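Asker: Let me begin by handing over the structure; questions about it come next.
Since every read-out is calculated from the coordinates, none of them should be taken as a lab result. Computed from a prediction, not measured in an experiment: that's the story for all the values here. Quick reminder, even Gly has a Cβ in these numbers, built from the backbone with ideal geometry, and neighbours come from all protein chains shown.
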Amino acid sequence: MYYFNNKEYKCSLEATMDVLNGKWRSLVLWHLIEENLRFSQIQEIVSGISKKVLSEHLRVLEKNGLINRTAYPEVPPRVEYEITEKGKTISTALIELEKWGREHLGKKDGIK
C-alpha cells in the first residue's frame with residue numbers, strides 16, 4: 001500500500017497521478033524545472049488555465065513540497081515560484097513523457 005495526503009493507494013502510479021492531477025500541475029512543474037517564475041508568467045506560459053485554478057494548483061504543489069513560493073516585500077508585491085529538490089525528482093519522468101509525445105504524437109493528427 002502507498003499513502004499520500006491521508007489517502008491509501010494500491011498502486012504507486014495511482015498515487016503519483018493523484019499528485020500530478022491532470023495536465024496543469026505537470027505543466028507548471030515542467031516550466032519551473034527551467035526557471036523560477038512569477039504567477040503571471042506561469043499563466044502566460046500555461047495557456048488556458050484560469051487564475052483561480054492556477055492558484056489552487058500552486059497551493060497544492062507547495063503543500064506537497066514540490067514547489068516553493070517566495071513573497072518579496074516590495075511595492076507592488078512580487079511572488080516567485082521555484083521547484084524544490086523533491087520537485088526536481090519528478091523531472092526525469094516529465095522529460096520521458098515529453099519525449100514520448102514528440103516521438104509518437106503527430107503535430108496535427110494526434111496519435112499516429
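Asker: Could you list, in their original order, any pairs among Lys52/Lys99; Lys23/Lys88; Lys63/Lys99; Lys7/Lys63; Lys23/Lys86 whose Cα atoms are separated by more than 23 Å?
Answerer: Distance filter (> 23 Å) returns Lys52/Lys99; Lys63/Lys99.
Asker: Could I ask something else about it? Starting from a Cα-only point model with no solvent, please compute log10 I(q)/I(0) by Debye for the chain at q = 0.12 1/Å.
Answerer: -0.49
Asker: OK, next. Can you give the calculated 222 nm mean residue ellipticity of the chain, where each DSSP H run of n ≥ 4 adds -39,500 (n - 2.57) and the sum is split over every residue, rounded to the nearest 500 deg cm²/dmol?
Answerer: -15500 deg cm²/dmol
Asker: To continue, here is another question. Starting from the Cα-Cα distance between Ile33 and Arg69, subtract it from 0.36 nm times their residue separation and give me the gain in nm to one decimal.
Answerer: 11.5 nm
Asker: Once R0 is set to 30 Å, what does the formula 1/(1 + (r/R0)^6) return for the Cβ-Cβ distance between Glu14 and Leu105, expressed as a FRET efficiency to the nearest 0.05?
Answerer: Once the sixth-power term is evaluated, E becomes 0.80.
Asker: Which value in nm describes the separation of the simple spin-label points at Tyr2 and Glu80, placed 7 Å from the Cα toward the beta carbon?
Answerer: 3.2 nm
Asker: Could you run the Karplus curve 6.51 cos²θ - 1.76 cosθ + 1.60 with θ = phi - 60° over segment 26-43 and give me ³J(HN,Hα) per residue in whole Hz, x for Gly and Pro?
Answerer: 4, 5, 4, 4, 4, 6, 6, 4, 7, 6, 6, 9, 8, 3, 5, 5, 4, 5
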